[in-house]
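The values are calculated or read from the model by the stated rules, or taken from the named source; none is laboratory data. Worth saying up front: this structure is predicted, and the values here are computed from it rather than measured. Cβ placement follows ideal geometry from the backbone for every residue including glycine, while neighbour counts extend to all protein chains displayed.
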Amino acid sequence: MLTYIARRLLTLIPMVIVISFLIYLGLELTPGDAVSHMIPPDAYGSMDEDRLQELRESLGLGKPFLVRYWIWISGVLQGDFGYSLAGGVPISKIFLDRLPATLELSIAALLISTVLGSILGTISALTRGSLTDQSLTVVGMLGVSIPEFFFGLVAILIFALNLEWLPVGGRTLPGYDSFWDRLPHLVMPAMVLSIMMTAGVMRYARSSMLDALSRDFIRTARSKGMPEWRVNILHGFRVALTPVIVLIGFRLPVLIGGSVIIEQVFQWPGIGKEFVSAVRSQDYPLVMMVALFSVLAVLVASLIVDLLTAIIDPRVRLGD
Amino acid sequence: MNKLLRTSAIAIIAAQVAGGVSAQAINESELSDPRVRQAIAYAIDMETIAETLFEGAAIPALGLTSDANNYPEGMNSYSYDPDKARELLAEAGWDGSRTLDMVYYYPDQLTADFMAVVQAQLGDVGIDMTYRLLEGDVGAQISGVPDDPVNGPSVVDWDILYGARAAIANQEYFNRFAEGEMPTVPTVDALVPLVESVNATVNPAVQRAGFQEMEGIINENVYILPLYYQQLYIFESDRINRNGAPYGNEQYNYNFDVVNWTVEPNEDGELVAYTNGAPMQFFELPWQNLGIWVHSRYAFDTILEADGTLTPIGGELAETYEVIDDGMTFTFTLKDDLKWHDGTPITAADVKWSIEAAAQAPITHPVVSTTLSRIEGAEALASGDADGMSGVTIDGNTVTIKFAVLDPNVLLTFSQFAPLPMAYFEGTDPLQIQQNEFWQKPIGSGPFMIEEARMNEFTTLVPFPDYHGGVAKIEQIIALPSADGDANLIRNAAAFRADFGYTKNATDVPSLEEMEHMTVRPVNIPYTRMFWINQFPRG
Amino acid sequence: MEMGNDVALSVRNLKTYIYTNNRCNRALDGVSFEIRQGKTLCIVGESGCGKSVTAASIMQLLPTLSRIEDGEITYHGPDGPVRIDALERDGAKMRAIRGKEIAMIFQDPMTALNPVYSIGFQIKEMLRYHTSLGRKDRHSKAIDLLRSMGIPLPERRVDEYPHLYSGGMRQRAMIAIAMSCNPRILIADEPTTALDVTIQAQIFELMDTLKRENGTAIMLITHDMGVVAELADDVAVMYMGNIVEAGPVGKVLRKPVHPYTRALLDSIPVLGRGKDQEIKAIPGQTPDPYNRPTGCQFADRCAYRVSACDEMPPETMVADDHRVMCWRYQEFMADAAE
Amino acid sequence: MTDATVTRPRTRRDAQFDRIRDREAKLAGTTQRKGRFLSKFLNNRLAVIGFAIFAVICLMSLFAPLIAQHDPMSPNLRAIAKPPSAEHWFGTDKTGRDIFARVLYGGRVSILVGLGSALLSALIGVIIGVYSGYVGGWLDWIAMRISEIFMSFPQIILVLLLVAILGQSLVNLIVIFTLTGWGGIYRMARARMLSIREEEYVQALRSFGLGPARIAYKHMLPNALGPIMVNITLSTAAFILQEAGLSFLGLGVPLSIPTWGNILNAAQDLRVLEQNWWIWLPVGATISLFVLSVNFIGDGLRDATDPSQQG
């Protein structure tokens, strides 16, 4: 098991290096750089261009592309993630600041959607063809058909501004130290973020459950006189669970991606919000690290999925 | 206030222009023909746009500066007149075969809507126009100057730029008309000496005469088409009481006496006020955007103090100050017992170091940077021949600054200039001063000190007990990271999470005005939105 | 047919229809038979003839989109007769019968066992619901069962998952599950189709032993006439939802009275008859189940067809233990006698 | 006959079964069978509804110039943010443009972006996937590695990166969606090919001496079309939603072009959200309906083409 994990992780390295090179190259091809973004356009007309050029040089932006890439990648490989160009903040600090927020949001959404999605999907499968099933299917479809930022805006309008039940946004306020203090802030973004995924999980759980229920061992279990709940849950759901977990695992990085928009809507101080502003201000080192981090998240998630599958389904052997 | 400005403008335009326009193209570009530019001016119904689209939150512009005292008699208001526009186009031989490429750099919806309206109005007189948002390196795309200052070809790749000039000194509006500085206008010989003259005097009368003459020439030829004056809107919830403190240009530092403000206690009996402008990743050097952010407003004091219109009115950190030698020497004495927020004394050495660092920092505000670059020894410092400026000398609490070149804005500069504690910047290259970790939680000199800074979440400020102007009455200021023109500002305000702040975004104004707990006050600021019409042929 | 005391289960005029794809498939169209204690009833027929539906009807394990339209299924248990067809499909009463009174083993042991639970779990689950054994007793009983099914090292294998078992072992495990509560009836739905021939023999031997030792009634569904000859006491031949001929194995195999039985027997090689035996395929194809002939289902393929065959023939007793569904069985018998 | 004393209680299903049985009894003997695919698709009520909505929205957008009474681009400063009326069915926006016309014309662009990108990525994915799946070799290896690179990004991150690199424009957006979307279809097509490759008819074709391209595209591809079509519908839905999401971030199609996302973006203004429902509700509903209809179609296609799903 451990050697398997180690090997999988090792194969990630060339992949990550190639990807980082491609991103670096891509950003290199775009006009402008972080320095030009430090100046508001309204003020640009009267700035001293020579001074800015000096700043470029001092930030190392004047060096040839490959040299910069080399400096950057060797730094990263030694654990030095570099500094954000705009404010000189160590990227590791930005990550430490933002990552918990994004993880908190993603995991909350993941939990909501997993629990809700698998329960609803199972209900839907068990009542196949009924009105419940059909309504759940349509509602689920509706869930994946409404732009999530739009959902978020309407939710803010209703729950924060009209009903005043929940805060409009943000993650915390001064003095809100415990998780429970902050919980009201988390509710809306997590719910909205989880909508799409709940619908996805539900749909998937339904078909996975239907598939499991159509299998022979379900008939065997019934033929043994097992009660329905045991047939459905212990035999059906347990088997249906594997593909659902696989789906959820693959969704985790998607969630990190999906939170980009939700973080904007709800002023959630996470990685996604940081990424958008880094992209806008061409803060290469930061863009690179966020992109790489998300790639790593995808790759590691797929590894975790493999491990989880192996734990859940005894038939699966990890490839040697 | 809004009305007042408008009527004064109308009074002036009542007189007819006495023409002296060379009514023909001066190079291959049709846009170098003043009649075409005038036609554009006539084609745009700015009055109606200001009233409807901007819902009154814009004042149609007459000159580049918004101060009617700078206008000569007989300014042409180019009131909406599509027939006149068509006539001028016909005269100029405009055949409609050219589609103008309009660019802009504000990503908001209102700007896009404004562009759509302008497109329709230009189309109405026979000028086809498409518009696009500039991306990437905006600065480079709008500031390139042609090698040949008459025939071009132009370096910038567009026909019209919609942008703005936000200035604290009137000279900023005109300085680019100096020889070979303007990306869009072939050098206008008549303007070159005028630009020089307004920069070389501290005499307001001389400056005004220069501004009037320049405004007249630009207005007549539509070298730049001023569209409207942006106002700034201060909003304030009914919890806040300014206790008589004035309102002014919130983008810059002015005396708004925050020490004496009070706020209604919250449920816990604490005097907590919310505002916006907290940092997202780091606190910005207060030398760039001089008064926008929460820290530059509350945590840093400037040498001098300005009123709401940014006219210097006295000392802030300085006890006394003086301009002597016909403006070539500026000297001031710091108050006694000034302290940084960490309790260490603010010294004249801190000030000298700050002046020298600001002169070298790449992103210092242009007006400040121009003033500092005219100090004796600035060039030697810039070229690396000297470690400091020979023109800045200190004696106890007194700082004396000698200028090599006369600067008209010395007092203005020092009313906006906040010194930093040099102890934290040892070994820092001034070029990378913004990259210093100091900016994660700066130590300032103002009435409030930063208590907690959680980037992208909030910043809290508490009164500085050793403040030279007394201890502030509000017990805590909580700043959220929303900003001017950010949709979140309105959401926070609606959710009672913004007790005071400002916006320049016309879309925000009606929203804020509709909130029962909110009062919105428009403030006239020097901020003109305009079209730069590219009069060089495109390469 | 006489109704002896040894009858474990009787089925009378059973009609089961399947309603998938918005169509109606009359999978069982009036089926009657009995299963006797300590005896083996073999149900034979081509695939799709309704053998498995019969088994599923008895166990009430029909697919969702199907129902028993008509007829009676009566289980003659120790507490008196129970009308299975009237029980709620997955209700408590039905569940008490399943596994405990009537157990079933399935065609494909590869898929009939739940892959995510150990074999032991799947046996003990059964014991937990149908016996009052404690946890430890259940475990040792599971091991005993596996051992008695001839599984080597049962102490270790009891905790293994099905994918580690070979096909034959899985079917033994399946039988172990089925036999764990000493059911009075064992229904085996083609239990060896998916297995090697050598394994088949072992499995059947095992079943035969169980029948003899426990007196279990067995209903064996198969399409293999060789198996029938080997194991059956009684035989029922099914074709398109009807039992066309039923009787003791000796009579049905040796002297079939239905043309279909004959055709079925002719279409398979019989061990011991040598290489020269004539094998005749049954002409034509089975009709579309959604578009059945109105009369005798076999008519289209039958050499004895007459116009009367357009109507459904009644069940006719040839002897007191031998019945047939054919208008012309007498002609057929006469021909066969020649 | 069933003994009345021992009948089970009737359920909703029984009624349904009775209906089917009675109908069958009536139809006995007659045959009328549509193609299995079509009949299954038509039997899926949601898929038919979806297709109807899809068709209506597409046709209305296509014939926007005939249907819309107003120019979607021409502002009217004297009729700003007017609620729906006989003149303006969906009211007017903040510059007095007719929202109904904008939604129709916006549909053209949004559908072009969504459907166009989905079709393009399917085209690329299928061309490469089918060939490399059948032939294998270095081409397969390279395509696989490239797709791995694309697919190891969360989609939105990759899209944002590419927007930053390529810049904002309509064409770029289609290119970006295509770049991010082809990988999935490629992998699916490839996997289908790998399994079909082992089937006997393919071996037979090969023994006839047919070229690999002909076998792959002419004979194998049709057998993989079902899942590909499903994938196209799902991508279309996803791209249309992403277009709207990018507009929200200010990184979508330039605001000078009306698209559904750009129109809906007005809802970011709290006042519009609270007071001018007609500015965002019709377009929000249109996006959702359209995406919903595409999803219904996809679902119907999936059921209709999946042989394992009976009933």
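Is it fair to say A:Trp165 is more than 9 Å from every other protein chain (Cβ to nearest Cβ), surrounded by fewer than 19 Cβ atoms within 10 Å (Cβ to Cβ), modelled with pLDDT of 85 or more and under 23 Å from B:Asp268 (Cα atoms)? For A:Trp165, the condition - more than 9 Å from every other protein chain (Cβ to nearest Cβ), surrounded by fewer than 19 Cβ atoms within 10 Å (Cβ to Cβ), modelled with pLDDT of 85 or more and under 23 Å from B:Asp268 (Cα atoms) - is met. With respect to B:Glu181, determine if the residue is over 30 Å from D:Gly96 (Cβ atoms), touching a helix residue (DSSP H, G or I) at 6+ places or on another chain (Cβ under 9 Å) and either more than 14 Å from chain A (Cβ to nearest Cβ) or part of a helix (DSSP H, G or I) (or both). For B:Glu181, the condition - over 30 Å from D:Gly96 (Cβ atoms), touching a helix residue (DSSP H, G or I) at 6+ places or on another chain (Cβ under 9 Å) and either more than 14 Å from chain A (Cβ to nearest Cβ) or part of a helix (DSSP H, G or I) (or both) - is not met.
This table checks each residue for (1) farther than 30 Å from B:Arg239 by Cβ; (2) touching a Ser or Thr at 6+ places or on another chain (Cβ under 6 Å); (3) modelled with pLDDT of 95 or more; (4) part of a strand (DSSP E or B).
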position	(1), (2), (3), (4)
B:Thr413	yes, yes, no, no
B:Ala453	no, yes, no, yes
B:Thr460	no, no, no, yes
B:Val471	no, no, no, no
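Can you tell me which of B:Ile168, B:Ile218 is touching a residue at least 12 places away in the same chain (Cβ under 8 Å), of a type in the set (Val, Ile, Thr) and closer than 20 Å to B:Tyr78 by Cβ? Show your work before the answer.
Numbers: B:Ile168 fails: closer than 20 Å to B:Tyr78 by Cβ.
Only one candidate qualifies: B:Ile218.
Flag set for B:Thr507, criterion: over 17 Å from B:Asn253 (Cβ atoms), of a type in the set (Ser, Thr, Tyr) and touching a Leu at 6+ places or on another chain (Cβ under 7 Å).
Looking only at segment A:169-183, decide whether some residue is more than 14 Å from chain B (Cβ to nearest Cβ), touching a Leu at 6+ places or on another chain (Cβ under 9 Å) and closer than 21 Å to A:Thr122 by Cβ.
Start the filter on segment A:169-183 by keeping residues that are more than 14 Å from chain B (Cβ to nearest Cβ), which leaves A:178-180, A:183.
Next cut, touching a Leu at 6+ places or on another chain (Cβ under 9 Å) only: A:179.
Those left that are additionally closer than 21 Å to A:Thr122 by Cβ: none.
Within segment A:169-183, none of the residues are more than 14 Å from chain B (Cβ to nearest Cβ), touching a Leu at 6+ places or on another chain (Cβ under 9 Å) and closer than 21 Å to A:Thr122 by Cβ.
How many residues does segment C:125-153 contain that are polar (S, T, N, Q) and either in contact with a strand residue (DSSP E or B) (Cβ under 9 Å, 6 or more places away or on another chain) or part of a helix (DSSP H, G or I) (or both)?
If we filter segment C:125-153 for residues that are polar (S, T, N, Q), which is where we start, we get C:131-132, C:140, C:148.
Imposing the further condition that a residue be either in contact with a strand residue (DSSP E or B) (Cβ under 9 Å, 6 or more places away or on another chain) or part of a helix (DSSP H, G or I) (or both) reduces the set to C:140, C:148.
Residues that pass the stated criteria total 2.
Set side by side, the residues B:Phe211, B:Phe174 differ, and just one is touching a residue at least 12 places away in the same chain (Cβ under 8 Å), touching a Leu at 6+ places or on another chain (Cβ under 8 Å) and either part of a helix (DSSP H, G or I) or not polar (S, T, N, Q) (or both), which is B:Phe174. Candidates C:Arg184, C:Arg212: the one that is at pLDDT 85 or above and surrounded by fewer than 17 Cβ atoms within 10 Å (Cβ to Cβ) is C:Arg212.
Considering only segment A:1-113, give the helices (runs of 4 or more DSSP H) lying wholly within it that have at least 2 residues that are within 14 Å of chain B (Cβ to nearest Cβ) and at pLDDT below 80.
Numbers: elements: A:2-29, A:34-37, A:41-44, A:49-58, A:65-77.
Ranges flagged: A:2-29, A:34-37, A:41-44, A:49-58.
Here is a yes/no grid of residues against (1) among the aliphatic types (A, V, I, L, M); (2) within 12 Å of another protein chain (Cβ to nearest Cβ):
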position: D:Ala204; (1), (2): yes, no
position: D:Gly211; (1), (2): no, no
position: D:Ala216; (1), (2): yes, no
position: D:Gly252; (1), (2): no, yes
position: D:Ser256; (1), (2): no, yes
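Within segment A:261-274, the set of residues being more than 7 Å from every other protein chain (Cβ to nearest Cβ), in a helix (DSSP H, G or I) and of a type outside the set (D, E, K, R) comprises A:Ile262, A:Val265, A:Ile271, A:Gly272.
For segment B:437-453, the set of residues classified as at the interface with chain A (Cβ under 7 Å from one of its Cβ atoms) and crowded, with 21+ Cβ neighbours inside 10 Å consists of B:Trp439 only. Out of segment D:233-250, which residues are closer than 20 Å to B:Tyr131 by Cβ and in contact with an Asp or Glu (Cβ under 9 Å, 6 or more places away or on another chain)? Across segment D:233-250, the qualifying residue is only D:Gly250.
Is it the case that some residue within segment B:336-351 is more than 28 Å from the chain's Cα centre (by Cα), in a helix (DSSP H, G or I) and under 25 Å from B:Pro447 (Cα atoms)? Yes, some residue in segment B:336-351 is more than 28 Å from the chain's Cα centre (by Cα), in a helix (DSSP H, G or I) and under 25 Å from B:Pro447 (Cα atoms). May I ask you to verify whether B:Leu53 is within 24 Å of the chain's Cα centre (by Cα) and within 17 Å of B:Val188 (Cβ to Cβ)? For B:Leu53, the condition - within 24 Å of the chain's Cα centre (by Cα) and within 17 Å of B:Val188 (Cβ to Cβ) - is not met.
Name the residue that is nearest to the chain's Cα centre (by Cα), counting only residues in segment B:238-271 that are outside any loop (DSSP other than H, G, I, E, B) and of a type outside the set (S, T, N, Q).
B:Val258
So which residues in segment B:107-154 are within 14 Å of chain A (Cβ to nearest Cβ), closer than 28 Å to D:Ala267 by Cα, without any contact (Cβ under 8 Å) to a residue 24 or more places away in the chain and surrounded by 20 or more Cβ atoms within 10 Å (Cβ to Cβ)? Talk me through it step by step, then tell me what you get.
The initial filter retains those residues of segment B:107-154 that are within 14 Å of chain A (Cβ to nearest Cβ), namely B:107-109, B:111, B:133-145.
Keeping just the survivors that are closer than 28 Å to D:Ala267 by Cα gives B:107-109, B:111, B:133-136, B:138.
If we keep only those that are without any contact (Cβ under 8 Å) to a residue 24 or more places away in the chain too, we end up with B:135-136.
The one that is within 14 Å of chain A (Cβ to nearest Cβ), closer than 28 Å to D:Ala267 by Cα, without any contact (Cβ under 8 Å) to a residue 24 or more places away in the chain and surrounded by 20 or more Cβ atoms within 10 Å (Cβ to Cβ): B:Glu135.
Checking A:Ile146, A:Ile156 one by one, the residue that is in a helix (DSSP H, G or I), at the interface with another protein chain (Cβ under 7 Å from one of its Cβ atoms) and at pLDDT 85 or above is A:Ile156 and no other.
Just checking, which of C:Arg170, C:Arg156 is outside any loop (DSSP other than H, G, I, E, B), within 13 Å of chain A (Cβ to nearest Cβ) and among the charged types (D, E, K, R)? Reasoning before the result, please.
Details: C:Arg156 fails: within 13 Å of chain A (Cβ to nearest Cβ).
Being outside any loop (DSSP other than H, G, I, E, B), within 13 Å of chain A (Cβ to nearest Cβ) and among the charged types (D, E, K, R) holds for just one of C:Arg170, C:Arg156, which is C:Arg170.
Looking at (1) in contact (Cβ under 8 Å) with a residue 40 or more places away in the chain; (2) surrounded by fewer than 21 Cβ atoms within 10 Å (Cβ to Cβ); (3) more than 23 Å from A:His235 (Cα to Cα), which one does C:Tyr165 not meet, given that it meets all the others? All conditions are met except number (3).
Among residues of segment C:96-135 being within 7 Å of chain A (Cβ to nearest Cβ) and aromatic (Phe, Trp, Tyr), the one that is surrounded by the fewest Cβ atoms within 10 Å (Cβ to Cβ) is C:Tyr129.
Screening B:Ala494 on (1) at the interface with another protein chain (Cβ under 7 Å from one of its Cβ atoms); (2) out of contact with any Gly (no Cβ under 9 Å at 6 or more places or on another chain); (3) aliphatic (A, V, I, L, M); (4) surrounded by fewer than 24 Cβ atoms within 10 Å (Cβ to Cβ) shows it passes everything except condition (4).
Scan D:Phe239, D:Phe150 and give me the residue that is within 14 Å of another protein chain (Cβ to nearest Cβ), touching a Ser or Thr at 6+ places or on another chain (Cβ under 7 Å), assigned to a helix (DSSP H, G or I) and over 30 Å from D:Ala285 (Cα atoms). Let's see the steps before the verdict.
Values: D:Phe239 fails: over 30 Å from D:Ala285 (Cα atoms).
Of D:Phe239, D:Phe150, the one residue that is within 14 Å of another protein chain (Cβ to nearest Cβ), touching a Ser or Thr at 6+ places or on another chain (Cβ under 7 Å), assigned to a helix (DSSP H, G or I) and over 30 Å from D:Ala285 (Cα atoms) is D:Phe150.
Answer yes if at least one residue in segment B:352-375 is in contact with an Asp or Glu (Cβ under 7 Å, 6 or more places away or on another chain), at pLDDT 90 or above and in a helix (DSSP H, G or I), and no otherwise. Checked segment B:352-375: at least one residue is in contact with an Asp or Glu (Cβ under 7 Å, 6 or more places away or on another chain), at pLDDT 90 or above and in a helix (DSSP H, G or I). Within segment C:96-112, restricting attention to residues that are out of contact with any Leu (no Cβ under 9 Å at 6 or more places or on another chain) and under 12 Å from C:Ile187 (Cα atoms), the residue that is modelled with the highest pLDDT is C:Glu101.
Assess whether C:Leu62 counts as being assigned to a loop (DSSP other than H, G, I, E, B), of a type in the set (A, V, I, L, M, F, W, C) and under 20 Å from the mean Cα position of the chain (by Cα).
Numbers: assigned to a loop (DSSP other than H, G, I, E, B): yes; of a type in the set (A, V, I, L, M, F, W, C): yes; under 20 Å from the mean Cα position of the chain (by Cα): yes.
So C:Leu62 passes the test.
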